[in-house]
C-alpha cells in the first residue's frame, strides 16, 4: 500500500517499531506535496525545513530511548487561522498577509508537546467565512476527487490535504460546519468537538461563541488520536471547559451495546439529493444490522437554524473584525496615495466654496481606516461585517440579534429532548455532493443553505463528526453526520468506528 494511503494510526505503529523514520515519512509527504499540490492548492505555505528539523528531533528521541509524545513524528497540516510564533498567519486575507504572531496558539503548543511534525499551513475561506474555500484571497483549493469541484469550506485546505495524501492528519476549525462539511465532500473523517473542549486561545476569531478547533484524518482512529492530543482545559481561554479528557484512543474500538440511533424527519425532505439520501439511509441500515435500534425524532426548530446562524455569526464577526484597522496590525493603505486623494478632495470643495462639504470631509485617520479595511477584506467578509453591523445597530438589535439568541436556546432544547430518546443522531452532512467551482459564486444565499444540516450543532455547542458513507453517481464522496450530547465525544467516536469497521468507504482514495 502506498504510504499516503496509510492512516496516521498505521504510520504511528510503523514509527514505533522502527519500520520507518519520521524524517523519511515527512520527506515522502513533502515530495508528494511538491509534485501534486499545484493542482489541488491545499497549502498556502509548506515549511519543509522546519518539518524535517522537527522530524529529526523526534527520531533522535527514539534513538536515545527518551519519551516520545503521542503523535511521535506524524506530519500534521494546520489551517492558517491558528497563530504560530514567527510564522505568517494570514487567515487567507490580504489584511493579515504580513502578520507574524509573537506567540503560539494553545493547539500549536499541544501539537509540539505531542511531537507532531508541523508540515505546513492550509488554505481556507477568508477568515473562515465560506463553504467552498473560494473566498481565500490567495488561491482556490480544489477537491482531490474532481479538480473542477470545491472541497467545501471553510477548512477546505485541511480536508483536501488529507484526502490527497499530502498529510495523514490536519487541524481545522468549525464555526457552522467548517470541519464536517469539507470532510464529507472530500471523503475523509472530520470532527467538531463540544464547544470548549479544545482551547480557542490563539485562534483568530470569526464568531467566538461558535468557533471550535478539531481534527481531520483518514480514519476515526486517526481523529481520536489527534483530538486526545489537543483537547483539555486551558486557563487562557475563558470558554475552555475544565473537564478531564477521556482516553479516546483506548476506547474508540469498543462497540456500543444497545445503541439507539436517531434520524431527524426534518432532514429528509425537499432539497435533499437522491444519491445523498440513499447513502445515508443505507448507513442507517448498517447500524441496524450491527444491533442498533433506529428512532425517528423531530427537531422542530431546525428550519430556523440557518437564519439564526446568519444573524449570530456575522454579528460576532462584525465585533471581532473591528480590530483590523491598519494601525495596530494588518494591511495599511498607501498613505501617500490616500493623502493625495484627501488633498484633491479638499481642493475641489474649496474651489466650489462648499463649506458644508469641507466640514464633512473625513479626517486623514478615518480615511486611512476606511481604505485599509476596504482594500484588506474580500467581498464575503465585507458582506458578513455589514450584515452583523446592521443586526447589532440601534433599532434592530432586539428584532434580529436578541431574537436569534432566543431561537438558539430553542434549538438547544430540541437537542436536549432528542438525546433523552437516543444516544446518537445520524443524517446527511450536505444536501448534495461537492458543487463545481464558481457554481454558486453569484448566489450567496444558496451557498449559505449548504450549511442547513451543520449549523445546528454549533448553535447548540454539540460534538459532531462526519465520515464517508458512499459515492454519488458521479463518483463523488457522500458523508454521514453523527451528533452526540455535549462532552460525549467518546461515544461519538465509538459509534463512528462501529460503522467504519463494517464498511470500506474510508479505504478508497482519489487518483491524482
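Values for this structure:
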{"read-out": "Output for the range 77-124, where each listed residue is over 27 Å from residue 313 (Cβ atoms) and part of a strand (DSSP E or B)", "value": "117, 118, 119, 120"}
{"read-out": "Cβ-Cβ under 8 Å pairs, at least 6 apart or on other chains, the range 270-290 side at pLDDT below 95, far side not in a helix (DSSP H, G or I)", "value": "271/431; 271/452"}
{"read-out": "The range 27-49, residues that are within 24 Å of the chain's Cα centre (by Cα), farther than 25 Å from residue 145 by Cβ and part of a helix (DSSP H, G or I)", "value": "48"}
{"read-out": "Looking only at the range 478-491, and only at residues there that are assigned to a helix (DSSP H, G or I) and more than 18 Å from the chain's Cα centre (by Cα), the one that is farthest from residue 264 (Cα to Cα)", "value": "490"}
{"read-out": "Of residues in the range 131-159 being part of a loop (DSSP other than H, G, I, E, B) and under 10 Å from the mean Cα position of the chain (by Cα), the one surrounded by the fewest Cβ atoms within 10 Å (Cβ to Cβ)", "value": "131"}
{"read-out": "Some residue of the range 414-423 being part of a loop (DSSP other than H, G, I, E, B), without any contact (Cβ under 8 Å) to a residue 60 or more places away in the chain and out of contact with any helix residue (DSSP H, G or I) (no Cβ under 6 Å at 6 or more places or on another chain)", "value": "yes"}
{"read-out": "Filtered residues of the range 252-297 (kept if touching a strand residue (DSSP E or B) at 6+ places or on another chain (Cβ under 8 Å), within 19 Å of residue 220 (Cβ to Cβ) and outside any strand (DSSP E or B))", "value": "259, 279, 280, 282, 283, 284, 287, 292"}
{"read-out": "Total residues in the range 172-193, condition under 21 Å from residue 313 (Cα atoms) and not in a helix (DSSP H, G or I)", "value": "11"}
{"read-out": "Where residue 127 falls short, out of the listed (1) closer than 24 Å to residue 325 by Cβ; (2) part of a loop (DSSP other than H, G, I, E, B)", "value": "(2)"}
{"read-out": "Among the residues listed as 214, 196, the single one being modelled with pLDDT of 95 or more and outside any loop (DSSP other than H, G, I, E, B)", "value": "214"}
{"read-out": "Test: residue in the range 93-108 that is in contact with a helix residue (DSSP H, G or I) (Cβ under 8 Å, 6 or more places away or on another chain), closer than 24 Å to residue 231 by Cβ, in the same structural domain as residue 200 (by TED's automatic domain parsing) and surrounded by fewer than 20 Cβ atoms within 10 Å (Cβ to Cβ)", "value": "yes"}
{"read-out": "Boolean, residue 396 is touching a residue at least 40 places away in the same chain (Cβ under 8 Å) and in contact with a helix residue (DSSP H, G or I) (Cβ under 7 Å, 6 or more places away or on another chain)", "value": "no"}
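Here's the yes/no breakdown for (1) surrounded by fewer than 12 Cβ atoms within 10 Å (Cβ to Cβ); (2) at pLDDT 75 or above; (3) in the same structural domain as residue 136 (by TED's automatic domain parsing):
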| residue | (1), (2), (3) |
| --- | --- |
| 312 | no, yes, no |
| 327 | no, yes, no |
| 337 | yes, no, no |
| 341 | no, no, no |
| 346 | no, no, no |
| 365 | yes, no, no |
| 368 | no, yes, no |
| 372 | no, yes, no |
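The values are calculated or read from the model by the stated rules, or taken from the named source; none is laboratory data. Everything numeric here is computed off the predicted structure, so don't read it as measured data. FYI the Cβ positions are ideal-geometry reconstructions off the backbone, even for glycines, and counts take in every protein chain you see.
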